[in-house]
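The values are calculated or read from the model by the stated rules, or taken from the named source; none is laboratory data. Being a predicted model, the structure only gives us computed values, none of them experimental. Heads up, the Cβs are rebuilt from the backbone with ideal geometry, glycines too, and the neighbour counts pull from every protein chain shown.
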Amino acid sequence: MSEYQYYEFQALDKPLSEKDREVLRAISSRAQITSTSLVNEYNYGNFKGDPLKLVEKYFDAFLYITNWGTHQFMLKIPRKLIDLDLASQYCIGDSWTIYEKGDYLIFDFTSETEDYDWEEGEGSLSPLISLRSDLIRGDYRCLYLAWLFCAQMGEIDDDEEEPPVPANLGNLNASLESFADFMRLDKDLIQVAAENSIAEQKSVQNDQKLKLWISGLPNSEKDTIIFRLINDNDPHIGNELLQRFRNTLSIKDTQNNGKASRTVMKLLQKTEAYTKEKDRQIAEQKAKEKARKEKEAAIAREKYLTGLVGRENEIWKKVDTLILAKKPKAYDEAIRLLIDLKDLAKKNNTTSLFKSKLMAIREDHSRKASFINRIDSANLLLG
């Protein structure tokens, strides 16, 4: 089997210049390069560039997928838009890293597995892109999920307590679902972790606090902000202000709940118990469904057999006709009718008569090996 590697880079805030594209072309002559992206697939050989350095200089998002089980995903975000102290609380373990690069932070997530199927990377980055906007808006759920994956992989000490649990962890959007799948995160572990996450709606109280904060800004600063909105091409002015506002909120304002943090061991143990109980309930439901279908089938079979009562001789004659046809489909139909006759005999306490007639048929057609094999396979003489 040949190797497969998929690389995709995306520039979101600023398009690539012509000079940028020339530099990238020198790195890879076969890559698909546009003003906002670089995509390359390899079945043999390797990409010559350093993805981290390329993200640092040119791009805002990166995805890497191989056919030997490696998933890697990077996001670059302006440092001023992220609460680094809070984000760092989630960055424990080997499967993800925060790189500080000048005015930017690069979040690097990796998932490795030995239990993999062949997969291709095209279309895998798009569902993850909006995580960047979520982080910029202060939604750190993907960082908690990354921490949770490190716990799942045994990269964090058992007695280590979890970082702050973000709101709405039990209601993941499409990008977060894609991220969980990409990282191969146990869905039951997410479910258990979400028990300490509140379902938070947009806060009217915080809206009022935001309005008061804005009204308290000096007029000279407001003038500067308006000038930047009109004159600059910075797409993050609003988010920068929102980050400044969030930094003014007290710890009480930003806490999600009063529940105690759980240790890694407690989360994993509770997940194991949750999975066992879920599997038990599923097995119980399947058993009930199976019993229901079997009961319905038995009722239908009984009704069908009742309709055959008194037609036994007619059915025996039809069996003879089908056998004489010497065709596989006719043999199969004859066996189905013989099964009906067997069940009718059991219903009417005439099993001995059925067996004697069947033995006669078997003797008369003993040279029809295909038909005799069908009789034996159907166990018509048993029971």
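Take the residues in the stretch 315-332 that are in a helix (DSSP H, G or I) and of a type in the set (A, V, I, L, M, F, W, C), then tell me which one is surrounded by the fewest Cβ atoms within 10 Å (Cβ to Cβ). First the steps, then the outcome.
From the stretch 315-332, those in a helix (DSSP H, G or I) are 315-324, 328-332; that's our starting set.
Among the residues that remain, those that are also of a type in the set (A, V, I, L, M, F, W, C) are: 315-316, 319, 322-324, 330.
Values: ILE315: 14, TRP316: 17, VAL319: 22, LEU322: 21, ILE323: 20, LEU324: 12, ALA330: 16.
Among those residues, the one meeting the criterion is LEU324.
If I ask for residues that are β-branched (Val, Ile, Thr) and part of a loop (DSSP other than H, G, I, E, B), which ones from the stretch 183-239 would you list?
Filtering the stretch 183-239 down to residues β-branched (Val, Ile, Thr) leaves 190, 192, 198, 204, 214, 224-226, 230, 237.
If the condition is that a residue be β-branched (Val, Ile, Thr) and part of a loop (DSSP other than H, G, I, E, B), then ILE198 is the only one that fits.
Condition (residue is under 30 Å from ALA193 (Cα atoms), exposed (fewer than 13 other Cβ atoms within 10 Å of the Cβ), out of contact with any strand residue (DSSP E or B) (no Cβ under 8 Å at 6 or more places or on another chain) and free of Cβ contacts under 8 Å to residues at least 40 places away in the same chain) applied to the stretch 292-303: is it met by at least one residue? Show your work before the answer.
To start, the set of residues in the stretch 292-303 that are under 30 Å from ALA193 (Cα atoms) comprises none.
No: the stretch 292-303 contains no residue that is under 30 Å from ALA193 (Cα atoms), exposed (fewer than 13 other Cβ atoms within 10 Å of the Cβ), out of contact with any strand residue (DSSP E or B) (no Cβ under 8 Å at 6 or more places or on another chain) and free of Cβ contacts under 8 Å to residues at least 40 places away in the same chain.
Could you give every pair whose Cβ atoms fall below 6 Å, whose first residue belongs to the stretch 261-284 and is at pLDDT below 95, and whose second residue is surrounded by fewer than 16 Cβ atoms within 10 Å (Cβ to Cβ), counting only separations of at least 6 or pairs across chains?
Final answer for the pair search is SER261/GLU161.
Residue-wise test of (1) in contact with a Lys or Arg (Cβ under 9 Å, 6 or more places away or on another chain); (2) β-branched (Val, Ile, Thr); (3) at pLDDT 95 or above; (4) under 23 Å from GLY93 (Cα atoms).
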site: SER111; (1), (2), (3), (4): yes, no, yes, yes
site: GLU120; (1), (2), (3), (4): no, no, no, no
site: LEU125; (1), (2), (3), (4): no, no, yes, no
site: ASP134; (1), (2), (3), (4): yes, no, no, yes
site: GLY138; (1), (2), (3), (4): yes, no, no, yes
site: ALA146; (1), (2), (3), (4): no, no, yes, yes
site: CYS150; (1), (2), (3), (4): no, no, yes, yes
site: MET153; (1), (2), (3), (4): no, no, yes, yes
site: ILE156; (1), (2), (3), (4): no, yes, yes, yes
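Here's the yes/no breakdown for (1) touching a His at 6+ places or on another chain (Cβ under 9 Å); (2) in a loop (DSSP other than H, G, I, E, B):
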position: ASP13; (1), (2): yes, yes
position: VAL23; (1), (2): no, no
position: ARG30; (1), (2): no, yes
position: ASN46; (1), (2): no, yes
position: GLY49; (1), (2): no, yes
position: TYR64; (1), (2): yes, no
position: HIS71; (1), (2): no, no
position: LEU75; (1), (2): no, no
